[in-house]
1. Select from segment 25-51 the residues that are loosely packed, with under 14 Cβ neighbours inside 10 Å and modelled with pLDDT under 95 and list them in ascending order.
2. Kindly indicate whether Arg97 is out of contact with any Ser or Thr (no Cβ under 8 Å at 6 or more places or on another chain), within 14 Å of Asp31 (Cβ to Cβ) and not aliphatic (A, V, I, L, M).
3. Does Leu22 satisfy the condition of being within 14 Å of the chain's Cα centre (by Cα), at pLDDT below 60 and not polar (S, T, N, Q)?
4. Which one of Leu118, Leu72, Leu93 is of a type outside the set (Lys, Arg), surrounded by fewer than 15 Cβ atoms within 10 Å (Cβ to Cβ) and either in a strand (DSSP E or B) or in contact with a Cys (Cβ under 7 Å, 6 or more places away or on another chain) (or both)?
5. Is it the case that some residue within segment 150-167 is touching a residue at least 40 places away in the same chain (Cβ under 8 Å), surrounded by fewer than 18 Cβ atoms within 10 Å (Cβ to Cβ) and basic (Lys, Arg)?
Amino acid sequence: MSRLVALALVVLSGCLPAQPRLALETEPPFDVFAFFQGETAGLGVLHIRGRAPVPVEVESVGTVLESGDLELVQTITRGDDEPYQRTWTFRALGDGRYTGDLTEATGPVEAEASGNRLVIGYRTGRFTTVSQTLALQPGGRLALNLLSVRVLGVPVARLTEQIRRVEDE
């Protein structure tokens, strides 16, 4: 790789704010079905390279289907844009592993829970990957979500979000 290309990658990757690290704790254990069944609401900030930060609101309803899968329907509002919907489906594989689908993904969603953390990964295009780390907080009613979007391995967007269970209030 030429020095110019390497320098450009370093400069571009430094244009997004750093995300905090989420400590791995043993309690409370992150169970996708337990946390997302019912209503949840998220508030966050999306940072896209070269643009001003945008507030993000997410309203979700999770339902366990007859198949045993969890369907999570989300209504997302970014800043002043019109809300849009997306749907996740999670299948438990055992040992804290999940697979599923997402309307925005171009292939399967893979997820793994370990302690209080859930790590999710999927593709949204040939060269675009999304990774999320959620950390369930003490009490099990709040999760912190750190999402990163990469194109050809270079970070282009980051989201920090707090997701809370609505019916527990």
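1. Start the filter on segment 25-51 by keeping residues that are loosely packed, with under 14 Cβ neighbours inside 10 Å, which leaves 26-27, 43, 45, 50-51.
Hits for segment 25-51 are Thr26, Glu27, Gly50, Arg51.
2. Working: out of contact with any Ser or Thr (no Cβ under 8 Å at 6 or more places or on another chain): yes; within 14 Å of Asp31 (Cβ to Cβ): yes; not aliphatic (A, V, I, L, M): yes.
So Arg97 fits the description; yes.
3. Numbers: within 14 Å of the chain's Cα centre (by Cα): yes; at pLDDT below 60: yes; not polar (S, T, N, Q): yes.
For Leu22, the condition - within 14 Å of the chain's Cα centre (by Cα), at pLDDT below 60 and not polar (S, T, N, Q) - is met.
4. On the way: Leu118 fails: surrounded by fewer than 15 Cβ atoms within 10 Å (Cβ to Cβ); Leu72 fails: surrounded by fewer than 15 Cβ atoms within 10 Å (Cβ to Cβ).
Result of the check over Leu118, Leu72, Leu93: Leu93.
5. Yes, segment 150-167 has at least one match.
The values are calculated or read from the model by the stated rules, or taken from the named source; none is laboratory data. Computed from a prediction, not measured in an experiment: that's the story for all the values here. Cβ: placed from backbone, ideal geometry, glycine included. Neighbour counts: every protein chain shown.
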